[in-house]
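Okay, so here's the structure we're looking at.
None of the figures in this text is laboratory data; all of them are computed from the coordinates on show. Treat the numbers as computed from the prediction; the structure is a model and nothing was measured.
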Amino acid sequence: MTMKKFKTPAFYSLVTIVVFTGLMVFGLRRDPNLLPSQLMGKPAPAFTAVLVPQGQLSFPPPNPDKRWTVLNFWTTSCYVCREEAPEWQNLFQSWADRQDRPRIFSVNIQDTPEAISQYRKAFRISFPVISDLSGRISLDYGVYGTPETFFIDDTGLVRYRLAGATHGTLILAFIQWLKENPQASFVEVTKGFWDVKARL
């Protein structure tokens, strides 16, 4: 008697689905900073967007001082973003008139202007917020979670994308590391970030 063969096309399809699902779960549990941004080493995508409470911004704006740029993506429902809100407010206030500091831009993803206004009031935020109501900007930047912060050099190239919380001292120290290592690979930059963070 011969054994019945179970390795049918349906069997292989089931195995494929199981393996794919397992890889997805594994990927979601990994540190997102281990996944390189598709923009690393490429020009930061340009966009034009509405500001809250008012106005409009064309990004990137003129940069005659050749300063680095920090682009932070967040949502009102993000718990970590709420914890970070006072830190970003402090950065905007303390760095506003200092030419030796990076430029900071805050991008909200898909919340209504009303929700952003309520958030600004609740956390006493004085700086304008870029409204990405359609989600187009975050899509162009490959954002898949919040908060995410992009480090853009003085030539307009994306040097790194950081997923998770950060603070002013870390931002400055890491930008200095990036300046000193302009040719670093993604692996080297990631290691450099954690080395910088560990020293602070």
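The table that follows gives values for the structure above.
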quantity: The range 45-66 and the range 128-146: distance between their alpha carbon centers, rounded to Å; calculated: 14
quantity: Vicinal HN-Hα couplings computed from phi for the range 98-104 (Karplus, 6.51 cos²θ - 1.76 cosθ + 1.60; Hz; Gly/Pro x); calculated: 9, 6, 8, 10, x, 7, 10
quantity: Whole-number percent relative contact order across the range 79-144, with pairs defined as alpha carbons under 8 Å at least 6 apart; calculated: 35
quantity: The range 48-92: C-alpha gyration tensor shape, a/c 1.5 cut-off, then a/b vs b/c; calculated: oblate
quantity: Vicinal HN-Hα couplings computed from phi for the range 155-165 (Karplus, 6.51 cos²θ - 1.76 cosθ + 1.60; Hz; Gly/Pro x); calculated: 9, x, 8, 6, 9, 6, 10, 9, 9, x, 6
quantity: DSSP bridge orientation in the range 35-199 - percent antiparallel, rounded to nearest 5; calculated: 65
quantity: Table column - 3J(HN,Hα) (Hz), the range 172-187, Karplus curve with 6.51, -1.76, 1.60, x for Gly and Pro; calculated: 5, 5, 6, 4, 4, 4, 4, 5, 7, 10, x, 9, 5, 6, 4, 4
quantity: Distant-in-sequence amide H partners of W68 (H built 1.01 Å from N, under 5 Å); calculated: R103
